[in-house]
Amino acid sequence: MMTVVKKSVPQSSKKNGELQKIAVFTSGGDAPGMNAAIRAVTRAAIANKLKVVGIRRGYQGMIEGDFISLKSSDVSGILQLGGTILKTARSDAFRTPEGREKAYQQLKKAEIDAVVVIGGDGSFTGALKMSQEYNISFVGIPATIDNDMYGTDYTIGYETALNSVVEAVDKIRDTARSHGRIFFVEVMGHEAGLLALNSGIACGAEVILIPESKEQEEELTKFLNKGYKDKETSGIIIVAEGDETGGAMKIADKVRKENPDLDVRVSILGHIQRGGSPTANDRVNATIMGVAAIEALLDDQKNIMIGLANQKIVSVPFNKAVKLNHSIDTNLLDIQRLMQST
Ligand code: F6P
């Protein structure tokens, strides 16, 4: 069961107890809005008389003791910046017991009582593991363009990435239409298809291939056999990188072989989806979640992810957030098919 965190206020009246110094870090793939979250965590913590340490380069920096102290002025002017001022990494060393032991020793040496981790699935799995082995509290803020975390409708960076995909596909549409070509456009999302699904709807894609639905390949066949030929037009096929067809390259090769008359191109959008200035929503939600993370720590909550469900702040235990899947609203696929049916 998710529990609702008390309404967020920047200043908490609660006594800090033993909590005196917190650390904040970003981990895994960067996402636009991470800086807004760092700023919110830092300022909410300082407003509650806590000392703040920034850990650079994710878990790798934690192992190496790459710590900096953060003042309010250190997070000034970063709200609108993409990427993460603390940098990020995917650490193999942290996956080992020795790595986590070193990380714990570094946290103790720096007298850090609790840690705010800003990241996705892998980052929270690491936090859960470490909190089971050592007496250290973590609170997570979901930040990934994939929007694949259970228990939250929203992850920081998703909306900015969605807009980046839409902007790129609109441009591809211009050239596709001019040449009468079919474009297979590969969208990120790891094993999840939400970014592909919503960007496909926003761009009027003829077909959207996502890992959550097997029926979509039939839709592609229908489009190639009828839709494209009847309308003598172009086509945009959005392919989620995690789709079981194996990605845009593979499915385009197959289509080319089976339909040598078609003019097929592939565009893999890649890391352009991870950059850019965060949208207003990403900034606002990052700020709200950052404040909620500090409130949760002051309320002695630990090993939970802050989320937004039905526009309310919720807290979700890490073990649920990482083990359960964020489901897709299959109604969206029906709507997309309806849009292409006439
Ligand atoms: O989790 C975010 C994400 O961009 C995924 O969509 C993608 O599969 C992965 O990260 C790529 O990771 P990297 O930048 O390490 O290659």
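Here is a list: Ala110, Ala89. Which entry is among the aliphatic types (A, V, I, L, M), open to solvent by 10 Å² or more (accessible area, probe 1.4 Å), in contact (Cβ under 8 Å) with a residue 40 or more places away in the chain and within 14 Å of the ligand (Cβ to nearest atom)? First the steps, then the outcome.
On the way: Ala110 fails: within 14 Å of the ligand (Cβ to nearest atom).
When all the criteria are applied, what remains is Ala89.
From the list Phe138, Phe94, which one is of a type in the set (Phe, Trp, Tyr) and touching a strand residue (DSSP E or B) at 6+ places or on another chain (Cβ under 8 Å)? Before you say what the answer is, go through the steps one by one.
Numbers: Phe94 fails: touching a strand residue (DSSP E or B) at 6+ places or on another chain (Cβ under 8 Å).
Every option except Phe138 fails the conditions.
Consider Glu244 against the criteria (1) in a helix (DSSP H, G or I); (2) away from the ligand (no atom under 12 Å from the Cβ); (3) open to solvent by 80 Å² or more (accessible area, probe 1.4 Å): it satisfies all of them except one. Which criterion is unmet?
It fails just one condition, (1).
Here's a check for you: in the stretch 268-303, which residue that is of a type outside the set (A, V, I, L, M) and within 16 Å of the ligand (Cβ to nearest atom) is nearest to the chain's Cα centre (by Cα)?
Arg274
Of the residues Val291, Val266, Val322, Val284, only one is in contact with a strand residue (DSSP E or B) (Cβ under 6 Å, 6 or more places away or on another chain) and either more than 21 Å from Ile156 (Cβ to Cβ) or not small (Gly, Ala, Ser) (or both); which?
Values: Val291 fails: in contact with a strand residue (DSSP E or B) (Cβ under 6 Å, 6 or more places away or on another chain); Val322 fails: in contact with a strand residue (DSSP E or B) (Cβ under 6 Å, 6 or more places away or on another chain); Val284 fails: in contact with a strand residue (DSSP E or B) (Cβ under 6 Å, 6 or more places away or on another chain).
Checking each option against the conditions leaves just Val266.
Would you tally the residues in the stretch 225-241 being open to solvent by 10 Å² or more (accessible area, probe 1.4 Å) and touching a residue at least 24 places away in the same chain (Cβ under 8 Å)?
Looking only at that region, the number is 5.
When you scan the stretch 65-86, how many residues do you find that are buried (at least 16 other Cβ atoms within 10 Å of the Cβ) and on the phi > 0 side of the Ramachandran plot?
1
For residues that are under 21 Å from the mean Cα position of the chain (by Cα) and more than 14 Å from Ala127 (Cβ to Cβ), tally how many sit in the stretch 80-110.
12
Would you confirm, using the coordinates I've provided, whether Lys254 is open to solvent by less than 80 Å² (accessible area, probe 1.4 Å) and part of a helix (DSSP H, G or I)?
When the stated conditions are applied, Lys254 does not pass them.
Is it fair to say Gln340 is under 19 Å from Phe25 (Cβ atoms) and either crowded, with 23+ Cβ neighbours inside 10 Å or in contact (Cβ under 8 Å) with a residue 60 or more places away in the chain (or both)?
no
Could you tell me which residue of the stretch 167-202 is nearest to the ligand (Cβ to nearest atom), considering only residues that are closer than 25 Å to Gln80 by Cα and open to solvent by 30 Å² or more (accessible area, probe 1.4 Å)?
Only one residue fits best here, namely Asn198.
The values are calculated or read from the model by the stated rules, or taken from the named source; none is laboratory data. The model shown is predicted, which means the values in this text are computed figures rather than measured ones. When we count neighbours, we look across all protein chains shown, and the Cβ atoms used for this are built from the backbone with ideal geometry, even at glycine. Note: accessible area is taken over every heavy atom of the protein model, side chains too, but ligands, DNA and RNA are not part of it. Shrake-Rupley method; radii C 1.70, N 1.55, O 1.52, S 1.80 Å.
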